[in-house]
Amino acid sequence: MTISGKTYCALLAAAALSLVTAPAHAFRCGQRIITRGDHADKILRFCGEPVSVQTRYLERGYIDEYGRRFRGFTEELIVEEWTFNFGPRQLMRVVRLENGYVADVKVLGYGY
């Protein structure tokens with residue numbers, strides 16, 4: 001079985017495009033990709049200001065491999081959820097920041 005030139009080019013283009021897409025825990029702002037571990041300054045520089053910010057404080061404890069909590073070993077976290085609205089033709093994103101670094105990215109519906 002032989003593959004025609006057009007089919008080969010289409011397969012090659014699809015393979016190249018799959019390498020360029022952002023992973024599920026990341027998103028694109030213009031030509032830049034925002035991903036887990038990036039600092040808040042990078043998001044502001046490439047995506048602009050979010051439409052809303054929710055902030056809360058958490059205290060996270062540590063648990064050993066047997067499920068026991070370590071006493072006295074806790075970490076205080078500043079958790080922020082930034083919502084970005086890129087307009088009606090793009091999906092909105094909620095970026096969860098922990099102590100100023102991207103921890104998670106969620107996709108919402110289309111913007112407004």
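What the phi angles of the range 41-51 give under the Karplus curve with 6.51, -1.76 and 1.60, with θ = phi - 60°, is a coupling list of 4, 5, 5, 4, 5, 9, 10, x, 6, x, 6 Hz, glycine and proline written as x.
When you filter the GluC sites (Glu not before Pro) in the range 32-112 for DSSP loop state and at most 15 other Cβ atoms inside 10 Å of their Cβ, you are left with E65. Overall shape of the range 22-110 was characterised from the C-alpha gyration tensor. The equivalent ellipsoid obtained from it has semi-axes of 30, 13, 12 Å, in decreasing order. Projecting label points 7 angstrom from Cα along Cα→Cβ for A103 and C29 puts them 1.9 nm apart. The phi torsions of the range 100-112, fed into the Karplus equation with coefficients 6.51, -1.76 and 1.60 and a -60° offset, translate into couplings of x, 10, 5, 10, 7, 10, 10, 9, 9, x, 5, x, 10 Hz, rounded to whole numbers, with Gly and Pro shown as x. Taking amide hydrogens as placed 1.01 Å from N in the peptide plane, the amide H of D38 sits under 5 Å from those of V102, each at least 5 positions away in sequence or on another chain.
Read the figures in this text as sums done on the coordinates, not as results from a lab. These numbers were taken from a predicted model, which means no experiment stands behind them. Positions of Cβ are backbone-derived with ideal geometry, glycine not excepted, and every protein chain shown enters the neighbour counts.
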